[in-house]
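The values are calculated or read from the model by the stated rules, or taken from the named source; none is laboratory data. Bear in mind the structure is a predicted one, so any value in this text is a computation, not a measurement. Neighbour counts are summed over all protein chains in view; Cβ atoms, including those assigned to glycine, are modelled from backbone coordinates with ideal geometry. Protein only, heavy atoms only, side chains kept; ligands, DNA and RNA dropped before computing areas. Shrake-Rupley method; radii C 1.70, N 1.55, O 1.52, S 1.80 Å.
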Amino acid sequence: MDGCQLVFFKPGNKDAFKATPEKYAPQYGGYCAYGLADGHKAPTSADAWTIIDGKLYLNYNKDVRQSWNKKQKEYIQTANTNWPKLKNEE
């Protein structure tokens, strides 16, 4: 988080973040979850995100997020399978 200043609006949030920062990290290294389900890495937009079962998933843009929302659980299963194969690719 170099060069990034985090702002916490509720008193206990900063402590919760410091205790388990990995809990707040986006899935798939911050790549588009829908793209991973489709078998490729894609960049993401800061305003296209979803939290499912306490995990943060990012999408390429809001239009892609609409497609993602139709079958989230299925896409997560496929992306989870694809991620180990794709995470080290450029």
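Within the range 17-37, can you find the residues that are free of Cβ contacts under 8 Å to residues at least 12 places away in the same chain, hydrophobic (A, V, I, L, M, F, W, C) and out of contact with any Leu (no Cβ under 9 Å at 6 or more places or on another chain)? Scanning the range 17-37 gives a single hit, 19.
The numbered conditions (1) on the phi < 0 side of the Ramachandran plot; (2) within 13 Å of the chain's Cα centre (by Cα) are all true for residue 21 except (2). Checking each residue in the range 56-90 for being among the small types (Gly, Ala, Ser) and touching a Gly at 6+ places or on another chain (Cβ under 6 Å) picks out no residue at all. Meeting the requirement of 2 or more residues that are open to solvent by 40 Å² or more (accessible area, probe 1.4 Å), the helices (runs of 4 or more DSSP H) wholly within the chain are 13-19, 62-70, 72-86.
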